[in-house]
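The values are calculated or read from the model by the stated rules, or taken from the named source; none is laboratory data. Fair warning: this is a prediction, and the values are worked out from it, not measured in the lab. Positions of Cβ are generated from backbone atoms using ideal geometry, with glycine treated the same way; all protein chains shown enter the neighbour counts. To get the accessible areas, we keep the full protein, side chains included, count just its heavy atoms, and leave off ligands, DNA and RNA. Shrake-Rupley method; radii C 1.70, N 1.55, O 1.52, S 1.80 Å.
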Amino acid sequence: MNQFDLLIKNGMVYTAVDSFEADIAVKDGKIIALGQNLGNAERVIDAEGMLVLPGGIDAHCHIEQESSTRIMTADDFYSGSVSAAFGGNTTFLPFAAQHRGQSLREVVDTARDRARTKSVIDYGLHLIISDPTEKVLEEELPALIKEGYTSFKVYMTYEMLKINDREMLDILALARKNGAMTMVHAENNEVITWITERLLTRGYHAPKFHAVSHAPIAESEASRRAIDLARLVDAPLLIVHVSEPEAARAILEARNNGLPIYGETCPQYLFLTAEDLNKNGMEGAKYCCSPPPRDKAAQEAIWLGLRNGTFQVFSSDHAPYRFDESGKFHAGANPSFKQIANGVPGLETRMPLLFSEGVLKGRLTLNEFVALTSTNAARIYGLHPRKGSLAIGSDADITIWDPKWGRTITQDMLHDNMDYTPYEGMEVTGWPRIVIIRGRVAVEEETLKLDRGAGEFLKRTPAKPGLEPLPSSPLSPLRNFGANLL
Ligand code: DUC
Ligand code: ZN
Ligand code: ZN
């Protein structure tokens, strides 16, 4: 009779804070022992020469989701989750997106139905709130937070999604009270619209003008404003997909002042620039996302932000729109930059790219890599210690990483439902060999081993109201009133 279901031997284990040589024993989907000479197992994996890491958590991706202009993403929960698994991820957090007029409950039910029979990896759902009606704020959202939907994204731009500052204050205050996290897409809509109108009237339609219209100042102004609104009501806030230095600096300054402000960035801001939008013909449409990739100096600032505590989370913002009329060209074959579907894919390449260019080039330690790709997201989004950790009692979500495996990225080798990758031709060293979810092998020998629907919904835990994830700040202007305005 074997003591364990699975034993991973001879690997070098890395967490967000430690590294040690240890075998890992798994039973009933959980890690139950770490150490040497642990005993017998039904299956033994020899991880000699490999890194044994907590499974990746992609905390920002758009899967089987309709955009505000009602374009469906190319990936559903099956292809998206398979692609994520091949990229070393064991959990992802897509969105249940509310469009104006919809009830939140309805959009959550739809997303749950879509995921249930398809997702191969574990998943939670963030909400997108575009219509914060009284019913949403007073009934639906507090109930949904209790049911494990403990984070929501709001937009400061996109005509059909954006909320105003007053609505943002309502949402932030509600998040504070109920122990939830607000994520914000911070770009100033008026600035973008003002530039866009001027570009279009002068006949500047090409994809490269997308990057001109989404000026860095639109992002930095909105980021500073969002931080101030969060500060006013003493609420935590996470600024997603940060692309440029001034917004990054604003986050770091807020954090240095003790505010519970968090930052996320993505591969497109490390590996692409606005020059990519200027490729031949409509080729540039492949790189149109918001915020857009910037320049080399911005890339360096984002790398610095990964090291100096500006960013806690490194996500893909996988938003898959194919290079055809179902996606990028939904408005016709020769659209203006304004009509091109926004988003780039990246679920499967997120971790290898960061490992290859970050860890192997000496910009990040392996512990930082684990923190940025897994542990911090688990902590911030209410999944820790079940996820994001290699500790006794945690889910056995483990990625066995080959640090020497060199491959050239091509769309052919990826498992999403896209027809291009923005990283085509890049040489990348370090890929997952074996991916294990709750003790079950999901990927091995470049083959998928789990069935559709093997992934579980993750009911997340709200933070302690008003306190978590960081102690609430003493710097809130409203706090000094001594009145309960929140
Ligand atoms: N921008 C977003 O805000 N979401 C999806 C993709 C993108 O480019
Ligand atoms: Zn966004
Ligand atoms: Zn997004």
Give the ranking of Arg176, Arg116, Arg460, Arg202 by solvent-accessible surface, highest area first, calculated with a 1.4 Å probe. Arg202, Arg116, Arg176, Arg460
Region 296-346: trypsin sites (Lys or Arg not before Pro) in DSSP loop, at most 12 other beta carbons within 10 Å: none
Quick one: angle between helix 165-178 and the longest Cα principal axis of the chain, in degrees between 0 and 90, rounded to 10, please. 30
At a probe radius of 1.4 Å, what is the per-residue accessible area of Trp303, in Å² to the nearest 10? 10
Can you send over the solvent-accessible area of Glu445, 1.4 Å probe, protein chains only, in Å² to the nearest 10? 150
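Could you sort Asp113, Asp28, Asp75 by their accessible area in this structure, using a 1.4 Å probe and putting the largest first?
From most accessible down to least: Asp28, Asp113, Asp75.
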Compute from the Cα atoms of region 277-399 the Rg and the Dmax, the latter being the longest Cα-Cα distance, and quote both in angstrom. 17.6, 55
Principal axes first, then extents: for the Cα atoms of the chain, list largest minus smallest coordinate on each axis, whole Å, largest first. 72, 60, 41
Once phi is turned into ³J(HN,Hα) by the Karplus curve 6.51 cos²θ - 1.76 cosθ + 1.60 with θ = phi - 60°, what whole-Hz value does each residue of region 98-109 show in order, with x for glycine and proline? 7, 9, 4, x, 8, 7, 5, 4, 4, 5, 5, 4
Take every DSSP beta bridge with both residues inside the chain and express the antiparallel ones as a percent of the total, to the nearest 5. 50
Using the heavy atoms of the protein chains and a 1.4 angstrom probe, tell me the accessible area per residue for the chain in square angstrom. 38
Note to self: C-alpha centroids of region 152-175 and region 11-56 sit apart, in Å, by 43
With labels modelled as points extended 7 Å from the Cα through the Cβ direction, what inter-label distance (nm, one decimal) is found for Asp28 paired with Glu66? 4.3
Roughly how many debye, to the nearest 20, is the charge dipole of the chain about its Cα centre, given +1 on each Lys and Arg Cβ, -1 on each Asp and Glu Cβ, and no other charges? 760
Accessible carbon and sulfur surface of the chain relative to its total accessible area, %, 1.4 Å: 48
To the nearest 10 Å², what's Lys162's accessible area with a 1.4 Å probe? 60
Relative to the Cα centre, what is the charge dipole magnitude of region 145-220, using +1 at the beta carbon of each Lys and Arg, -1 at the beta carbon of each Asp and Glu, and rounding to the nearest 20 debye? 120
Take the alpha-carbon positions of region 193-251, form their convex hull, and give its projected area averaged over all directions (one quarter of the hull surface) in nm². 4.5
Pair Asn334, Glu190: separation of 7 Å Cα→Cβ label points (nm): 3.6
Quick one: dipole size for region 17-139, taken about the Cα centre, charges +1 on Lys/Arg Cβ and -1 on Asp/Glu Cβ, in debye to the nearest 20. 300
